[in-house]
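A.B. asks: Once you've had a glance at the structure underneath, I'll fire off some questions.
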């Protein structure tokens with residue numbers, strides 16, 4: 001299979017590419033604009049592989065995308081490219097509208113024209129896999145889970161833009177018969193995550209003895225999914241998912257933000273017995289909450305488990321330990337990011 005992966009230099013995209021290069025015989029075309037969150041250093045372990053190709057392009061550039069399809073003649077596309085940080089969407093929604101909505105439309109139209117030019121088995125087997133988020137469903141109360149049948153109720157500019165892209169994908173399937181599958185995942189974590197998200201922020205701040213910022217009271221709940229588990233699920237859905245269907249992917253790991261930080265602090269206390277900042281919990285600082293902060297996300301992943309046989313291999317405890325260990329052992333990777341594109345400043349207050 002020849003597969004275009006959009007956003008392949010990002011956190012989830014790079015995990016997918018590493019998995020596919022190492023575990024399958026797939027040829028990968030990594031299509032990435034290399035915005036602030038794109039980092040080709042996340043792919044150094046596989047970049048010399050003859051089955052890996054990188055093309056720098058903007059998914060909103062229709063002529064560039066058309067040329068890439070014509071050049072590589074892909075059998076499928078996995079669309080991960082997106083602006084993804086809620087805080088940044090509060091400060092600057094325009095980029096989210098452009099990339100997540102206009103970019104997805106551009107890819108859909110290019111893929112549709114390309115697919116219609118195919119014949120026989122190649123046309124029958126072509127797939128457009130759209131990767132989205134559980135945040136499109138809005139916020140849960142104390143009970144209940146997100147299912148594929150739930151109505152959309154996005155509450156942030158980010159989730160609204162992703163909901164829009166999901167609807168476009170659905171429409172292109174039902175109107176034009178474009179062969180699509182969609183997945184909506186819970187919060188990802190793991191190695192190579194850009195250090196603006198909660199878990200890497202806490203790890204990196206703790207190593208420097210800086211405050212560990214907790215939004216509000218830290219009572220917001222997320223369902224955590226280890227990124228390598230997610231990569232396996234995405235490959236499975238691309239291969240075996242039913243056309244036009246949506247699959248929710250979750251880790252069965254509901255945790256409050258405060259409990260996540262407590263767990264990270266405990267792991268650091270254990271792994272760094274001589275740290276001058278022990279116990280690391282003393283660094284916790286409560287800060288102004290994010291505007292419109294959703295209270296709880298939790299995914300019902302029964303459909304993908306029952307129909308495709310996927311379940312997460314990592315518990316939150318095992319995945320979090322691996323993640324902390326990785327950040328301890330790969331300081332050069334995140335220090336280069338922190339020295340340049342993002343220095344740990346607070347985002348998302350809407351000023």
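A.B. asks: Does residue 254 meet the test of being free of Cβ contacts under 8 Å to residues at least 12 places away in the same chain, out of contact with any helix residue (DSSP H, G or I) (no Cβ under 7 Å at 6 or more places or on another chain) and under 20 Å from residue 189 (Cβ atoms)?
C.D. replies: no
A.B. asks: What's the number of the only condition in (1) part of a helix (DSSP H, G or I); (2) within 21 Å of residue 86 (Cα to Cα); (3) out of contact with any strand residue (DSSP E or B) (no Cβ under 9 Å at 6 or more places or on another chain) that residue 232 fails to meet?
C.D. replies: Condition not satisfied by residue 232: (2).
A.B. asks: Does residue 213 satisfy the condition of being farther than 30 Å from residue 21 by Cα and without any contact (Cβ under 8 Å) to a residue 60 or more places away in the chain?
C.D. replies: So residue 213 does not fit the description; no.
A.B. asks: Mind checking which strands (runs of 3 or more DSSP E) fall wholly inside the range 1-74 and carry at least 3 residues that are crowded, with 21+ Cβ neighbours inside 10 Å and either more than 22 Å from the chain's Cα centre (by Cα) or in contact (Cβ under 8 Å) with a residue 12 or more places away in the chain (or both)?
C.D. replies: 2-6, 27-32
A.B. asks: Cβ contacts < 8 Å: first residue more than 9 Å from residue 139 (Cβ to Cβ), restricted to the range 292-305; second residue assigned to a helix (DSSP H, G or I) and at pLDDT 95 or above, any location; separation 6+ or different chain. Result?
C.D. replies: Listed pairs, sorted by first residue: 299/134; 304/233; 304/236; 304/237.
Yes/no matrix, rows are residues, columns are (1) exposed (fewer than 12 other Cβ atoms within 10 Å of the Cβ); (2) at pLDDT below 95; (3) not in a helix (DSSP H, G or I):
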position: 293; (1), (2), (3): no, yes, yes
position: 303; (1), (2), (3): no, no, no
position: 306; (1), (2), (3): yes, no, no
position: 312; (1), (2), (3): no, no, yes
position: 317; (1), (2), (3): yes, no, no
position: 321; (1), (2), (3): no, no, no
position: 327; (1), (2), (3): no, no, no
position: 337; (1), (2), (3): no, yes, no
position: 341; (1), (2), (3): no, yes, yes
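A.B. asks: Return the total of residues in the range 198-229 being in a helix (DSSP H, G or I) and under 21 Å from residue 334 (Cβ atoms).
C.D. replies: 13
The values are calculated or read from the model by the stated rules, or taken from the named source; none is laboratory data. Keep in mind the model is a prediction, meaning the values are calculated, not measured. Backbone-built Cβ (ideal geometry, glycine too); neighbour counts: all protein chains shown.
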